[in-house]
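Presented below is the structure to which this report refers.
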Amino acid sequence: MTTAFAAVAMQLTARSVEACADRAAASAQMTAMIAEVGVRLRGAAIFIEQYGGTPVRLAVLPEYLLTSYPGRISIPDFAAKAAIDVDGPEYEAFGKLAQGQGLFIAGNAYERDRHFPGLYFQTSFVVAPSGDVVLRYRRLNSMFAPTPHDVWSNYLDIYGLDGVFPVAKTEIGNLAAIASEEILYPEIARAHALRGAEIFVHSSSEIGSPNPTPKAIARRARAFENMAYIVSANTAGISGTIMPLASADGNSVVVDYKGQILAEANPGETFTAFADLDLGALRAQRRKPGMTNQLARQRLELFADSYTGRSVQPANSLADADGGFQIPDRDHFLRVHESVIARLAKDGLI
């Protein structure tokens with residue numbers, strides 16, 4: 001078990017596959033980009049180890065780095081063109097990269113699942129130095145894309161609840177993932193923490209700002225309330241879209257288990273959000289009685305009835321009467337969202 005090591009949030013530019021003519025072109029672009037990422041990871045690790053003397057064991061990449069976001073491309077079309085397979089060449093390339101550099105590499109991609117043809121899920125993953133994918137977490141709260149919650153009954157039957165909230169127990173600690181804006185939802189981080197998570201890898205693509213943004217505030221809150229490290233990588237802009245390049249850029253960050261910022265990046269492509277993580281200190285803090293031991297002071301039974309039997313965003317929104325699922329258009333999710341708001345207003349809750 002490695003209890004002290006360096007982690008780096010790699011702030012890199014996401015590259016859209018929108019201009020790619022077909023699946024083969026998109027896959028070739030993604031594979032080439034993984035090779036480029038490998039070169040930059042190698043350079044970052046060499047500098048960090050020379051600068052601080054601590055070996056880099058964990059590197060976190062930004063959200064949808066290989067493809068950018070789907071935009072208004074239909075769900076089945078984007079799944080066919082850009083979503084990667086769990087045994088596809090992109091994961092194989094990441095595996096070789098992790099093996100070659102002795103790194104745990106955390107990233108985020110859109111992924112196909114053979115159990116749900118025509119859909120895709122946004123997936124945060126961790127590839128170990130063995131070359132194996134040791135963590136695969138599918139984003140649960142998304143505005144305009146399918147999630148496991150939209151096919152909830154079938155998904156649970158296949159993967160179980162531990163497959164929904166996976167925690168990878170590794171030689172560098174217990175790793176869990178939070179995807180993008182899910183950092184704003186405390187229940188997601190807490191569900192992982194209650195399964196032993198010590199380090200959250202957070203791939204994001206967001207507006208950076210010198211002012212405290214909701215996500216910036218939430219990162220520090222999630223770290224403190226769960227007594228966990230957060231390594232959060234933002235994009236250094238998104239190329240190949242109609243947006244100005246730097247619209248989602250800056251503020252990649254490493255936060256410690258006290259909610260303190262250890263390192264934060266300025267805008268642009270950079271590895272400067274890196275810091276040493278000390279699992280020994282984290283574990284000692286978690287086992288120390290006191291007012292700041294947030295995990296050991298939880299009284300979960302107090303809140304069980306407030307959640308049980310209540311529904312806000314409904315499960316199984318894509319389920320059909322035959323036990324299967326439908327392929328939605330993008331506006332399906334907006335219609336569901338509008339109906340939830342109307343119901344909450346009718347019930348006097350908002």
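The values are calculated or read from the model by the stated rules, or taken from the named source; none is laboratory data. Please read these numbers as outputs of a predicted model, since none were measured by experiment. Glycine gets a Cβ as well: all are built from the backbone with ideal geometry, and neighbour counts include every protein chain shown. For accessibility, only protein heavy atoms count, side chains too; no ligands or nucleic acids. Shrake-Rupley method; radii C 1.70, N 1.55, O 1.52, S 1.80 Å.
Mind checking the per residue accessible area of the chain for me, 1.4 Å probe, whole number of Å²?
On the way: 15630 Å² over 350 residues.
Solvent-accessible surface per residue comes out at 45 Å².
With a ≥ b ≥ c taken as the square roots of the eigenvalues of the C-alpha gyration tensor of the chain, please select rounded if a/c is under 1.5 and otherwise prolate if a/b is larger than b/c or oblate if it is not? Let's see the in-between values first.
Values: a/c = 1.58, a/b = 1.10, b/c = 1.43.
Verdict is oblate for the chain.
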- Task: Using only Cα atoms, locate the centre of the stretch 262-277 and the centre of the stretch 1-21, then give the distance between them in Å, rounded to an integer.
- Result: 12 Å
- With no solvent and one point on each alpha carbon, what is the Debye value of log10 I(q)/I(0) for the stretch 40-159 at q = 0.10, 0.14, 0.17, 0.19 Å⁻¹? -0.35, -0.64, -0.87, -1.02
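Kindly state, to the nearest 0.05, the FRET efficiency for V336 paired with A24, given R0 = 35 Å and r defined as their beta-carbon distance.
The value I calculate is 0.50.
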- Task: As a check on your grasp of the helix formula, calculate [θ] at 222 nm for the chain: sum -39500 (n - 2.57) over DSSP H runs of n ≥ 4, divide by the residue count, round to the nearest 500.
- Result: -10500 deg cm²/dmol
- Query: With every protein chain present, what accessible area does R57 have (1.4 Å probe, heavy atoms only), rounded to the nearest 10 Å²?
  - Reply: 40 Å²
- Note on the structure: Within the stretch 114-153, the residues whose backbone N lies under 20 Å from a label point placed 7 Å from the Cα of D320 along the Cα-to-Cβ direction are 114-121, 145-153
- Whole-number percent relative contact order across the chain, with pairs defined as alpha carbons under 8 Å at least 6 apart: 21 percent
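Just need the relative contact order of the stretch 1-107 here, percent rounded to a whole number, with Cα pairs under 8 Å and 6+ apart. If you can, show how the numbers build up before the last one.
Numbers: 114 pairs, mean separation 44.1, N = 107.
It rounds to 41 percent for the stretch 1-107.
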- Longest the chain segment clear of GluC sites (Glu not before Pro) sitting in DSSP loops (not H, G, I, E or B) with at most 14 other Cβ atoms within 10 Å runs 1-170
- Between the alpha carbon centres of the stretch 280-350 and the stretch 57-119 the gap in Å comes to 26 Å
- Value of relative contact order over the stretch 272-350, rounded to a whole percent, pairs C-alpha under 8 Å and six or more apart: 16 percent
- Item | Rg over Rh, two decimals, the stretch 204-350 (C-alpha only, Kirkwood Rh) | 1.07
- Item | Of all accessible heavy-atom area on the chain, the percent that carbon and sulfur account for (1.4 Å) | 55 percent
- Item | Beta bridge orientation in the chain: antiparallel %, DSSP, nearest 5 | 60 percent
- Message: Given the whole protein assembly as supplied and a 1.4 Å probe, what does the accessible area of L12 come to in Å², nearest 10?
- Response: 10 Å²
- Message: Quick check: net charge around A145, other residues with Cβ under 14 Å of its Cβ, Lys/Arg +1 and Asp/Glu -1?
- Response: -4
- Of the convex hull enclosing the alpha-carbon atoms of the stretch 92-164, the direction-averaged projected area in nm² is 5.1 nm²
